[in-house]
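Undergrad: My structure is below; once you've seen it, I'll send some questions.
The values are calculated or read from the model by the stated rules, or taken from the named source; none is laboratory data. Just so it is clear, the structure is predicted and the values come from calculations on it, not from any experiment. Note that each Cβ is placed from the backbone with ideal geometry, even for glycine, and that neighbours are counted across all protein chains shown.
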Amino acid sequence: MKFKATVLAGAIAFGSAAYGVHAMGTNSEEANKNTQPAKISIDEAKSIAVKEVDGKVTDVDQDREGPYVVYEVEVQTSNGEKDIEINGQTGKVLKDEDDLLKEQAKITAQEAETIALGKVSGEMTDLDLDYDDRTAKVVYEVEVTHNGLEQDVKIDAVTGDVLHVQKDEDDRDDDRDDENINSSQVKVTAQKAESIAVKEVDGEVVSIELDEDDGVALYEIEVQSNKGEAEVTVSATNGDVLEVEWDD
């Protein structure tokens with residue numbers, strides 16, 4: 001089984017949960033109305049890019065993700081062409097497409113989980129940071145499951161306000177069964193697996209997935225440390241650390 005678990009800086013997973021982030025939509029009239037003008041000029045974006053990687057700028061595009069302006073700068077280096085994305089408001093280099101969302105969020109994923117579970121009863125089974133075109137807000141979308149019934153709680157990622165709660169009366173399937181994971185093997189909670197991972201690699205959990213490999217249930221946990229990002233694989237049966245793999 002794989003819960004959604006794209007990277008979310010500062011996220012902490014509990015239970016059979018996963019945190020993730022989605023790219024922002026760009027086709028909403030509301031988002032267009034709320035577009036924030038760039039505070040960084042094209043020349044400034046070029047300077048920022050060549051400080052990030054040594055080379056020569058070959059192209060600059062101004063794009064928009066949700067209401068946010070992003071410069072996409074191509075730099076020709078001795079090792080080939082590099083694409084540098086820069087926040088048009090702050091001048092910050094964006095390491096991945098989700099950084100804009102992370103910059104806007106004022107509450108953490110853990111705080112969003114607490115808010116959601118204070119609103120509805122159950123276990124948090126999925127959490128995503130997203131841009132809501134309809135409201136032009138950065139939001140956490142939290143899925144809470146109780147007795148097979150899923151409820152989706154939408155939370156303003158800036159204020160922490162609950163914007164919407166939706167019940168899914170038809171979805172009573174257990175994700176683990178869908179993904180053919182033998183639930184009897186899962187004796188370690190995601191929260192415990194997270195604790196094991198950060199003891200192995202000192203840092204902050206950014207994503208966690210419950211998966212299986214050749215019939216063996218395991219957690220794949222991404223940890224961001226001051227040395228970089230590492231994926232720690234932990235047995236879901238006994239909590240043993242099976243592998244630590246560092247990103248290049």
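Undergrad: Please find, within segment 82-96, the residue that is farthest from Pro37 (Cα to Cα) out of those that are touching a residue at least 40 places away in the same chain (Cβ under 8 Å) and in a strand (DSSP E or B).
TA: Here the residue is Val93.
Undergrad: Out of curiosity, is Thr108 surrounded by fewer than 21 Cβ atoms within 10 Å (Cβ to Cβ) and touching a helix residue (DSSP H, G or I) at 6+ places or on another chain (Cβ under 9 Å)?
TA: Spelling it out, it is not the case that Thr108 is surrounded by fewer than 21 Cβ atoms within 10 Å (Cβ to Cβ) and touching a helix residue (DSSP H, G or I) at 6+ places or on another chain (Cβ under 9 Å).
Undergrad: I would also like to ask the following. Considering segment 62-81 alone, what residues qualify as being under 22 Å from Lys102 (Cα atoms) and not in a loop (DSSP other than H, G, I, E, B)?
TA: Gln62, Asp63, Arg64, Glu65, Tyr68, Val69, Val70, Tyr71, Glu72, Val73
Undergrad: Still on this structure, I have one more. Between a residue in segment 117-130 that is assigned by TED's automatic domain parsing to the domain that holds Asp161 and aliphatic (A, V, I, L, M) and any residue that is assigned to a helix (DSSP H, G or I) and surrounded by 14 or more Cβ atoms within 10 Å (Cβ to Cβ), which pairs come within a Cβ distance under 6 Å, given they are 6 or more apart or on different chains?
TA: Met124/Glu113; Leu127/Ala109; Leu129/Leu101
Undergrad: A further question follows. Do you know which residues across segment 41-61 are part of a loop (DSSP other than H, G, I, E, B) and farther than 16 Å from Leu94 by Cα?
TA: Passing the criteria: Ser41, Asp54, Gly55.
Undergrad: Scan segment 179-237 for residues that are over 18 Å from Leu127 (Cα atoms), of a type in the set (S, T, N, Q), within 22 Å of the chain's Cα centre (by Cα) and not in a strand (DSSP E or B) and jot them down.
TA: Hits for segment 179-237 are Ser195, Asn226.
Undergrad: Still on this structure, please answer the following. Tell me which residues, restricted to segment 171-211, are modelled with pLDDT under 75 and touching a Lys or Arg at 6+ places or on another chain (Cβ under 6 Å).
TA: Hit for segment 171-211 is Ser183, nothing else.
Undergrad: Which of the numbered conditions does Ser78 fail, given that it passes all the others? Conditions: (1) over 24 Å from Lys51 (Cα atoms); (2) modelled with pLDDT of 90 or more.
TA: (1)
Undergrad: In segment 186-240, how many are in contact with a helix residue (DSSP H, G or I) (Cβ under 8 Å, 6 or more places away or on another chain) and among the hydroxyl-bearing types (Ser, Thr, Tyr)?
TA: Here the count works out to 2.
Undergrad: Could you tell me how many of the residues in segment 102-157 are assigned to a loop (DSSP other than H, G, I, E, B) and under 25 Å from Glu65 (Cβ atoms)?
TA: Qualifying residue count for the region: 9.
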